[in-house]
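Heads up: the structure comes next, in structure tokens.
The numbers here are math on the coordinates, done by the rules we state, and not lab data. Predicted, not measured: the structure shown is a model, and the values here were computed from it. Methodologically, a virtual Cβ is constructed for each residue, glycine included, from the backbone with ideal geometry; neighbour enumeration extends over all protein chains shown.
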Amino acid sequence: MNSKEFLNAVDFIVKEKNIDPEIVFDAMELALTSAYKKNFNSKTNVKVLIDRNTGDIKVYSYLTVVEDDYDPDNDESGTDPDTLIKLSDARKQDQTLEVGDTIDTEVTPHDFGRVAASTAKQVIVQKIREAERNSIMDEFGDKQDELVIGTVALEDTDNYFIDLGRTNGILPKKDIIPGEKIEMGSQIKCYVSKVDNNGKSLLILLSRTHYGFLKRLFELEIPELSDGTVLLYSVAREAGVRSKVAVYSENPKVDPIGACIGEKGSRIARIIEEVHGEKIDIVRYDKDPAIFIENALSPAKNLTVAITDPKKQEALVIADDENFSLAIGKKGQNAKLASRLTHYKIDIKNHEQASELGINLR
């Protein structure tokens, strides 16, 4: 490989992998230094320099300038005395030299290019992979808890692999919405639940069941959430079945629920379509926890709410016979979602149960 071919190869790697060219050159110099030591000279005081403009590769042996009274017997660093030169001797070659400077002598072997290319290949590939992984991490490291769009590329027993451009994300099958069918080659929206760079490769874990997925869909579809006119307080979700979203606005002229629903239900319809028909209750958040809990237990109405322990965040709700089953929901689902939405432990009783316990909140 001549100098021009070498520079072309570096240019290709830089563009293909989106890597800083200095990282590639540094990796090459490190690898070629190791190759030289292995094949020609095992001394430590050698370095390889690559001309960034011409691609020329040269090997240098260097001596480090030390004080005249330097005593190797008192040097605990283990420095090889053969790699050092005293200041007085160094200045016989160059009067401008100071302690810490180096004297470089070119020692490039005639056939170094051939030997170095084969020896350094593995090290170079490793460094480029590390640099590529770091570059991808720079791009995706801040994507955790964000919404991404990718293409369904591969499938195995447990996962779908989503092409995100420069890398793949993993969408476990347990994290797809129950009942949905994922087609190869289709575009798909996913929530980034985890980004991990601690292993040998970058792990981007995706989900479509995470409550954050629904939250990001709302932010994507509702401009008032993006500009801060409407604020999203919390989300509670049972993917594929039902979710509750609490919203509010500090502007009294803005209807936060209406903004989320959209004209003729257009906005919420797009979100429901993305989550394959999942029922979504949009409720109004209130700073008064009793009012918030009452709102969260929708579609139940005519509820009486008392905060029994503010510190432990416990509340008692009494419902009439008509709304008791609505408040609890099928298999307790409505009450569970309301509890997660409000962060309160909610105990729901009808009037008869309350009377038996001597409770009267009327």
**Message:** Quick check: the distance between the Cα centres of the stretch 256-286 and the stretch 150-177, to the nearest angstrom?
**Reply:** 27
**Request:** Show that you can apply the helix-only estimate: for the chain, add -39,500 (n - 2.57) for every DSSP H stretch of four or more residues, divide by all residues, and state [θ] at 222 nm to the nearest 500.
**Result:** -10500 deg cm²/dmol
**Request:** Among GLU76, GLU294, GLU106, determine the one that fluctuates most according to a GNM of the chain built with springs between C-alpha atoms less than 10 Å apart.
**Result:** GLU76
**Prompt:** Nearest 20 debye, what's the magnitude of the dipole of the chain about its Cα centre given +1 on Lys and Arg Cβ and -1 on Asp and Glu Cβ?
**Reply:** 1960
**Request:** Name the residues whose placed amide hydrogens come within less than 5 Å of the amide hydrogen of GLU155, ignoring near sequence neighbours (fewer than 5 apart) on the same chain.
**Result:** PHE161
**Request:** Report the extension gain between SER325 and VAL254 in nm, rounded to one decimal, defined as 0.36 nm multiplied by the number of residues separating them, less their alpha carbon distance.
**Result:** 22.3 nm
**Asked** Sequence-distant or interchain residues sharing an amide H contact under 5 Å with ASP101, placed H: which?
**Response** VAL65
**Message:** Considering only C-alpha atoms, what is the centroid distance from the stretch 295-333 to the stretch 131-149, in Å?
**Reply:** 42
**Asked** So how far apart, in nm, are the two label points at GLU219 and ASP104 if each is 7 Å from Cα heading toward Cβ?
**Response** 5.0
**Item:** Extended-chain gain in nm, criterion 0.36 nm per residue less alpha-carbon gap, ASN18 and LYS311
**Value:** 100.2 nm
**Asked** For the stretch 134-237, with equal point scatterers placed on the C-alpha atoms only and solvent neglected, what are the log10 I(q)/I(0) values from the Debye formula at q = 0.21 1/Å, to two decimals?
**Response** -1.12
**Asked** Can you tell me the Rg and Dmax of the stretch 3-139, counting just the alpha carbons, in angstroms?
**Response** 18.0, 53
**Complete:** Sorted largest first, the Cα spans of the chain on the principal axes come out in Å as 104, 51, 42
**Fill in**
Over all pairs of different Cα atoms in the stretch 148-207, the reciprocal of the mean inverse distance gives a Kirkwood radius in Å of 11.6
**Asked** How big is the charge dipole of the stretch 286-362 about its Cα centre, in debye rounded to the nearest 20, if each Lys and Arg gets +1 on its Cβ and each Asp and Glu gets -1 on its Cβ?
**Response** 400
**Asked** Radius of gyration and Dmax for the stretch 210-284's Cα atoms, expressed in Å?
**Response** 11.3, 34
**Request:** For the stretch 15-23, just list the computed ³J(HN,Hα) in residue order, Karplus coefficients 6.51, -1.76 and 1.60, θ = phi - 60°, integers in Hz, with x standing in for Gly and Pro.
**Result:** 6, 5, 9, 6, 10, 4, x, 4, 5
**Fill in**
Put in order of increasing Cβ neighbours within 10 Å, starting from the fewest, MET137, MET184, MET28 give MET184, MET137, MET28
**Request:** Among VAL99, VAL245, VAL24, rank each residue by its count of other Cβ atoms within 10 Å, from fewest to most, as a rough exposure measure.
**Result:** VAL99, VAL24, VAL245
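Before anything else, pin down the relative contact order of the stretch 16-135: Cα pairs under 8 Å, at least 6 apart, normalised by residue count, whole percent.
Values: 140 pairs, mean separation 40.2, N = 120.
Dividing the mean separation by the residue count of the stretch 16-135 yields 33 percent.
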**Prompt:** Taking the Cβ-Cβ separation of ASN302 and ARG129 as r and a Förster radius of 56 Å, what is the calculated FRET efficiency to the nearest 0.05?
**Reply:** 0.30
